[in-house]
Amino acid sequence: MKKIVIICKGGFGGEMQIYLQETYPEGSGYVVDRVQELFPEDDFRPAPDEVFVVANGEPRIKAALVRKIEAAGGEIISMIHPTAYVAPNAKVGHGAILCPFAFVAPFAELEPHVTMNVHAGTGHNSKLATFVVLSPYASVSGAAELGTEVFMGTHSYVAPVVKIGARTKISTGAFAVVDIPANALAIGNPARVFPNYFD
Ligand SMILES: CC(C)(COP(=O)(O)OP(=O)(O)OC[C@H]1O[C@@H](n2cnc3c(N)ncnc32)[C@H](O)[C@@H]1OP(=O)(O)O)[C@@H](O)C(=O)NCCC(=O)NCCS
């Protein structure tokens with residue numbers, strides 16, 4: 001029996017506890033053990049019967065924690081909730097977190113460690129790079145492409161075929177209707193772009 005350890009210091013960890021119990025019920029070989037805080041500078045040694053889920057909505061912190069756990073030999077598992085829809089021909093990389101009612105359309109491609117919160121959706125032929133985080137109800141249209149560590153706030157939107165550069169943040173309710181470079185902040189509808197905001 002593997003023990004699932006949820007790495008989190010905020011409310012997402014409590015939510016994930018329930019979603020994980022629903023995803024890994026009795027008989028699955030996994031049991032949800034605990035929520036634990038972890039900081040990039042902490043000393044960390046995983047036990048052999050532990051597996052990990054990093055529940056953190058900030059892509060840079062999530063990436064740092066996942067790398068730390070993997071470097072220490074820890075295994076990150078996926079959480080694909082039973083109510084999430086994943087098209088049979090979509091690709092979902094390892095370590096994905098797909099919360100209740102997440103939607104992954106046909107031909108979509110998710111690289112490892114993508115997080116999609118409740119009701120987030122990604123359209124046909126869209127590409128989400130490593131550590132992308134979609135907050136609740138965030139919507140990525142068909143053939144759009146999000147670079148590594150892109151963050152989308154609640155109810156934000158990326159239009160069809162639009163490309164969002166690495167580490168850019170699409171703020172809550174913002175509509176990205178044209179390409180946006182890396183490290184930018186986008187706010188409003190249509191989104192105003194502040195380049196190099198996160199350098
Ligand atoms: C993208 C985001 C993370 C940026 O956060 P940040 O780097 O701390 O930036 P700030 O919040 O300081 O915002 C920078 C500026 O943009 C403005 N701004 C940010 N989001 C905005 C929005 N949605 N509409 C209008 N203005 C906005 C702020 O007022 C601020 O302006 P100022 O410098 O004149 O005060 C944050 O705006 C956001 O959208 N958070 C999402 C929260 C969310 O959806 N969480 C999901 C929980 S499950």
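Please compute one quarter of the surface area of the Cα convex hull for region 73-127 and express it in square nanometres.
Over every viewing direction, the Cα hull of region 73-127 projects on average to 3.5 nm².
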Could you give each residue of region 87-94 its phi-based ³J(HN,Hα) in whole Hz, using Karplus coefficients 6.51, -1.76, 1.60 with θ = phi - 60°, and x for Gly or Pro?
4, x, 9, 7, 10, 10, x, 5
For region 78-199, calculate the relative contact order in percent as a whole number, restricting contacts to Cα pairs under 8 Å that are 6 or more residues apart.
14 percent
Which value in Å is the Kirkwood Rh of region 2-77 over different Cα pairs?
12.5 Å
Enumerate the calculated ³J(HN,Hα) couplings along region 10-23 in order (Karplus 6.51 cos²θ - 1.76 cosθ + 1.60, θ = phi - 60°), each rounded to whole Hz, writing x wherever the residue is Gly or Pro.
x, x, 4, x, x, 4, 5, 4, 5, 4, 5, 4, 6, 7
How much of the DSSP beta bridge set in region 90-199 is antiparallel, as a percent to the nearest 5?
10 percent
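If you stretched the chain out fully between Glu75 and Asn89, how much longer would it get, using 0.36 nm times the residue separation minus the C-alpha to C-alpha distance?
Extra length available between Glu75 and Asn89 comes to 2.5 nm.
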Report the semi-axes of the equivalent ellipsoid for the chain in whole Å, largest first, where each axis is √(5λ) for an eigenvalue λ of the Cα gyration tensor.
28, 19, 13
For Glu145, residues with placed amide H under 5 Å, excluding near neighbours
Lys127, Val162, Lys163, Ile164
Would you compute, from DSSP H runs of 4+ residues alone, the mean residue ellipticity of the chain at 222 nm, taking -39500 (n - 2.57) per run and dividing by the full residue count, rounded to the nearest 500?
-4000 deg cm²/dmol
Go through Lys62/Lys91; Lys3/Lys169; Lys3/Lys127; Lys3/Lys163; Lys2/Lys163 and tell me which ones have a Cα-Cα distance over 30 Å in this structure.
Lys3/Lys169; Lys3/Lys127; Lys3/Lys163; Lys2/Lys163
Just to be sure I understand: of the beta bridges DSSP finds with both ends in the chain, what percent are antiparallel, rounded to 5?
5 percent
Simple Cβ-charge dipole of the chain, Lys/Arg +1 and Asp/Glu -1, about Cα centre, in debye nearest 20
420 debye
With point charges of +1 on the Cβ of Lys and Arg and -1 on the Cβ of Asp and Glu, referenced to the Cα centre of the chain, which listed residue (Val178, Ala84, Gly14) lies farthest in the positive direction of the dipole?
Val178
Could the peptides 80-86, 128-134, 39-45 be put in order, highest first, of the mean number of other beta-carbon atoms found within 10 Å of their residues?
128-134, 80-86, 39-45
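Every number in this text was worked out from the coordinates using simple rules, so none of it is lab data. Keep in mind it's a predicted model, so treat the numbers as computed, not measured. For neighbour counting, all protein chains shown are included, and Cβ atoms are generated from backbone atoms with ideal geometry for every residue, glycine included.
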